[in-house]
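Trainee: After the structure tokens below, expect a handful of questions from me.
No value in this document is a laboratory result; all are computed from the given coordinates. All of these numbers come straight from a predicted model, not from anything done at the bench. Reconstructed Cβ throughout: ideal geometry from the backbone, glycine too, with neighbour counts over all protein chains shown.
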Amino acid sequence: MTGGCLARHRPMRAAVMTGPGRLEVQDVDLLPPAPGRILVRTGATPFCVTDVMNSDGVFGKEPPTILGHASMGVVEELGPDAAGVRVGDRVVVHGTAECGRCFYCVRGRTDQCSVIFDRPDGPPPVARLADGSVATAAGNVGGYAELMSVDARQVVPVDTTVPDTVLGLLGCGVTTGLGSVFNVAAVVPGSDVAVVGCGQLGLWMVQGARLAGAGQIIALDPDPGRRERAAAVGATATLDPAEADPVEQVRSLTGGYGVTYALEAAGPALAQRQAVLMTHRGGTTVLTGCEPLGAELSLPQVPIALHGRTVVSSQNGRVRMHHDIPRFAAMLEDGRLDASLVGITEFTLDEIGEAKEAARAHRTVIGVIVPGER
């Protein structure tokens, strides 16, 4: 099959955000794929803290919308003019597209691709609900469903034995964590690194720093279980930021100077400010977290303006999808990266409410929704 659609509508089940705080599993009709789009049978979709905030409505998602901003699955149908994939391909559905032609892609900043960020009409419609309303897909993915309608430019075919529940993390968590180390910070061997926040994103950062040959890898998290996981994946020291001033704790382990690289994966603005101040003069801080829309980050002028510190953001690790995703999948397959220590908890689509509350309360490191067959 090279294009077109087989039926007017495709029935499926999906978790639909019908309003702030309301996430309901419903029977919906998937619309036929528009030009350039494809249908993917969902294999596994992560449920992270970002999805908690999305479902609570604090990131401005307009209901009704199908949540799940990164995923994986198998291509089931191609829409008109869809290119680059074939029916039957096992693919990572990435949270960031890579069109290769927009203002940002041609300048080498594919992490800011206009397919994701510059949509004046909002996300495209993907499904019709029983009441006749049309639902969009959050992040243009909509992974909390049995099928996804996605832009062909945001999927990457992969030939790997990595399990679905791990491969789905390559759409966001793995790429953001490892990309922050390799692409954004460009950690050099022997350097000292602090990782602020040890959820799944921070744990991938710790593993990335280890593979980059970092000297000290200092992991900070108030949760003792997450600190234990950080030590298991390569942290040389773990700290409780609630025990004492985290900046001073890090400086005490680095001869009073601070680290060369601080990788933030916590979210609160206070944690980001502390990450910046953990670095020595000339150091680099990579920010990945965010609070609800409207939150602001305040930084002191002298450490930034006079002390040569660099502060950069890391939207999805600035990955180059077709280069980095196969590379990271190979690292998972050959054992250089260990997903078993990250702490994946599987949930069915009907258990999505439980997955949400477990993520909110930090009872899970990373939950993964496995829709299964209809």
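Trainee: Along each of the three principal axes of the Cα atoms of region 33-113, give the extent in whole Å, ordering the values from largest to smallest.
Mentor: Computed over the Cα atoms, the extents are 36, 33, 20 Å.
Trainee: Can you run phi through the Karplus equation (6.51, -1.76, 1.60; θ = phi - 60°) for region 253-267 and list ³J(HN,Hα) in whole Hz, with x for Gly and Pro?
Mentor: Each residue's phi maps through the Karplus curve to give 8, 10, x, x, 8, x, 8, 6, 10, 10, 10, 9, 9, 9, x Hz.
Trainee: I would also like to ask the following. Between 0 and 90 degrees, rounded to the nearest ten: what's the tilt of helix 321-333 against the longest Cα principal axis of the chain?
Mentor: In the chain, helix 321-333 runs at an angle near 70 degrees to the longest axis.
Trainee: Report Rg/Rh for region 156-223, rounded to two decimals, where Rg is the Cα radius of gyration and Rh the Kirkwood radius.
Mentor: In region 156-223, Rg relative to Rh is 1.02.
Trainee: Right, here's the next one. What residues qualify as long-range amide H neighbours of Gly57, i.e. H under 5 Å apart, gap of 5 or more or another chain, H built at 1.01 Å from N?
Mentor: Gly21
Trainee: Follow-up question, since we're still on this one. Between Arg128 and Arg360, what length comes free when the chain is fully extended (0.36 nm per residue of separation minus the Cα-Cα distance, one decimal in nm)?
Mentor: Stretched out fully, the Arg128 to Arg360 stretch lengthens by 80.6 nm.
Trainee: Now, a different point. How compact and how long is region 69-137, expressed as Rg and Dmax of its alpha-carbon atoms in Å?
Mentor: Every Cα atom of region 69-137 included, Rg and Dmax give 14.3, 44 Å.
Trainee: Give me D for the chain in µm² s⁻¹, whole number, from Stokes-Einstein with Rh from the Kirkwood sum over alpha-carbon pairs, 25 °C and 0.890 mPa s.
Mentor: 118 µm²/s
Trainee: Further question: So what does the Cα-only Debye profile of region 177-315 read at q = 0.08, 0.09, 0.15, 0.21 Å⁻¹, as log10 I(q)/I(0), no solvent term?
Mentor: For region 177-315 at q = 0.08, 0.09, 0.15, 0.21 Å⁻¹, log10 I(q)/I(0) is -0.17, -0.21, -0.61, -1.29.
Trainee: In addition: Using only the Cα atoms of region 294-374, what do you get for the radius of gyration and for Dmax, in Å?
Mentor: 19.1, 60
Trainee: While we're looking at this one, here's another question. Give me a comma-separated list of calculated 3J(HN,Hα) values for region 75-89, in order, Karplus coefficients 6.51, -1.76, 1.60 applied at θ = phi - 60°, integers in Hz, x for any Gly or Pro.
Mentor: Taking θ as phi minus 60°, the curve returns 5, 10, 7, 10, x, x, 6, 6, 9, x, 9, 10, 4, x, 5 Hz for region 75-89.
Trainee: Return one number: the angle in degrees, 0 to 90 and rounded to the nearest 10, between the long axis of the Cα atoms of helix 269-278 and the longest principal axis of the Cα atoms of the chain.
Mentor: Taking Cα atoms only, the helix is inclined about 40 degrees.
Trainee: Scan around Thr284 for amide H atoms under 5 Å from its own, H built in the peptide plane at 1.01 Å from N, and keep only partners 5 or more places away or cross-chain.
Mentor: Tyr261, Ala262, Thr310
Trainee: Just going by the charge dipole of the chain, with Lys and Arg at +1 and Asp and Glu at -1 on Cβ, which of Gly367, Val25, Gly317 is farthest out on the positive end?
Mentor: Positive-most Cα among the choices belongs to Gly317.
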